[in-house]
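The values are calculated or read from the model by the stated rules, or taken from the named source; none is laboratory data. Just so it is clear, the model here is predicted, and its values are computed rather than measured. Cβ sites come from the backbone with ideal geometry, for glycine too, and all protein chains shown count toward neighbours. For accessibility, only protein heavy atoms count, side chains too; no ligands or nucleic acids. Shrake-Rupley method; radii C 1.70, N 1.55, O 1.52, S 1.80 Å.
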Amino acid sequence: MNTAAARPKVIVTGRLPEEVERELQARFDAQLNTDDRPFTARELQEALQTADGLLTTVADRLTAEVLDVPSRRATIIANYGVGYNHIDVHAAKALGIAVTNTPDVLTDCTADLAIMLMLMTARRAGEGERLVRAGRWRSWRPTHMIGTRVSGKTLGIIGMGRIGQATARRAQHGFGMKVVFFNRSRLAPERLDGLDALQCDTVEEVLAQADFVSLHCPGGEETRHLMNATRFAAMQRHAFLINTARGDVVDEAALADALGHGLIAGAGLDVYEHEPRVPAALLEMENVVLLPHLGSATRETRTGMGLMAVDNLSAHFAGQTPPNRVV
Ligand code: DGY
C-alpha cells in the first residue's frame, strides 16, 4: 500500500506552478517552498540529509562542498531547468547522486526570447518604452529613435544545440536572415534539419560576419568568459550581443567596456554571471536591454518543466533510469 510514510521525501527549493506542486504532493512526501525564498548552502545540505530527493533550480549553488555532506540521504537532484552548470555534476556522480534536467520543453520559449531581445535592442524598444512612460515623447519625427533593421541581416549563433537551432530557424524563416554559427563539434547537414546555415571553424569567423551574435552554449568552466575583451573587439561595431544562455559566458566588465567605447552597438541580456546582481555600468546604458532570466518563463513551459522533473523523480524512486538523467 502506498502510505504517506512509505513515500519518498522530496524537498523543493523554489515555488512551482500549482499543477506541478499538486503532482509532487500526489506522488511524494513533498516539502514545498511556500515562501519562495532561495535556499542557503546550509539549507541545501540539510535537505540532502533529510530528503530522498531534491527538486532544485538555477538559483541553488550545488557545489562539491555542499553535496559532500555527512549522513546524506538524498540520491537524486532533479533540476528544474535544462542548464545544470550550478550543480557540480562530477562531484554528484562521484558521490552516487543522480542528476536530471528538463531539456526540449523550454526550447521554443527561450528561442522566442532570444528573437525578442534581438528585436528590442535593434529597434530600441526598451528605450522607447522608458521615454513614453516618463512622459518625454514630444512628437513623431522622421529622425527620432532610429534603430537598426533586423530583416535580411546576418545572425551569428554560438552553440548550435536545440535552442540555437530554434533561434536560427525563427531568424531565417521569419526575418530572412543569413545564419552563420560556431559549434564545438562539426554538425552534419542532416542534424540541421533543413536549416540553411554556415558552420564556421572559429568563434572569430562568426563575430567578423554577424550583425547579431546570439549565445546558446552551456555555461561552466569550458565557456567561462568566452565573450571577452578580445572577442568584443572582433565584433562589428554595428553589431549586437544577445545572451539567453548563461551569464558566465560573458565577461560583463569587458562587455560594459566594449559598449562604453562603442566597440559594439548594444546588448540584450536575460542572464548574468552573479544573478540577481546586474553590473551597475550596464544599468546605466540606454542601448542595453536587461531581463530577469525569463527564457523559459511561460505558464506552459514552466508547468512542462515541473512535470518533467516530477517524472524524473518518479522513475528514479521506481528503480528506473530517469528519462532525463545527466549523470
Ligand atoms: C534553464 O532551463 O536552464 C533556464 O535557464 C532556467 O534554469
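Points to keep in mind about this one:
- Dipole axis of the chain (+1 Lys, Arg; -1 Asp, Glu on Cβ), positive-most option in 264, 34, 147: 147
- Local charge for residue 62 was computed over the other residues whose Cβ lies under 14 Å away, with Lys and Arg +1 and Asp and Glu -1, and equals -2.
- Ellipsoid equivalent to the range 1-151 - semi-axes via the Cα gyration tensor, in Å: 44, 18, 15
- Beyond 19 Å, the tail of the calculated P(r) for the range 212-327 holds 54 percent of the Cα pairs.
- Each residue of the range 63-77 was assigned a 3J(HN,Hα) from its phi angle through the Karplus expression (A = 6.51, B = -1.76, C = 1.60, θ = phi - 60°), giving 7, 4, 5, 5, 5, 7, 8, x, 6, 6, 9, 5, 10, 8, 10 Hz with x at Gly and Pro.
- Rg and Dmax of the chain, both derived from C-alpha coordinates alone, stand at 21.5, 74 Å.
- Alpha-carbon Rg/Rh ratio, for the range 41-103, with Rh computed the Kirkwood way: 0.91
- Spin-label model, residue 59/residue 173: points 7 Å from Cα along the beta carbon direction are separated by 3.5 nm.
- Measuring gaps between exposed loop sites in the chain (chymotrypsin sites (Phe, Trp or Tyr not before Pro); DSSP loop; at most 12 other Cβ atoms within 10 Å), the longest gap, sites not included, is 141-327.
- Normalising the average separation of contacting C-alpha pairs (under 8 angstrom, six or more residues apart) by the number of residues puts the relative contact order of the chain at 18 percent.
- Between the Cα long axis of helix 107-122 and the first principal axis of the chain there is an angle of about 30°, rounded to the nearest 10.
- Computing FRET efficiency as 1/(1 + (r/R0)^6) for residue 50 and residue 257, where r is the C-beta to C-beta distance and R0 is 51 Å, gives about 0.65.
- Seen from every direction in turn and averaged, the convex hull around the alpha carbons of the range 175-250 projects onto 5.4 nm².
- Accessible carbon and sulfur surface of the chain relative to its total accessible area, %, 1.4 Å: 51 percent
- For the chain, share of DSSP beta bridges that run antiparallel, in % to the nearest 5: 5 percent
- Distance between the modelled labels on residue 141 and residue 75, one decimal in nanometres: 6.9 nm (7 Å Cα→Cβ projection).
- Per-residue HN-Hα couplings for the range 272-281 [Karplus 6.51, -1.76, 1.60; θ = phi - 60°; Hz; x = Gly/Pro]: 9, 5, 10, 4, x, 7, 10, x, 4, 4
- Fraction in percent of alpha-carbon pairs per bin - 5 Å, the range 102-238: 2, 9, 17, 20, 19, 13, 9, 5, 3, 1, 0
- In order along the range 47-61, the phi-based Karplus estimate (6.51 cos²θ - 1.76 cosθ + 1.60, θ = phi - 60°) of 3J(HN,Hα) comes to 5, 5, 7, 10, 10, 7, x, 10, 10, 10, 10, 4, 7, 9, 9 Hz; Gly and Pro are listed as x.
- With the cut-off at under 19 Å, measuring from each backbone N in the range 204-222 to a point 7 Å along the Cα-to-Cβ line of residue 186 picks out 204-206.
- R0 of 41 Å, Cβ-Cβ distance residue 224-residue 284: FRET efficiency to nearest 0.05: 0.95
- Placing +1 on the Cβ of every Lys and Arg and -1 on the Cβ of every Asp and Glu, with no other charges, gives the range 170-327 a dipole of roughly 340 debye about its Cα centre.
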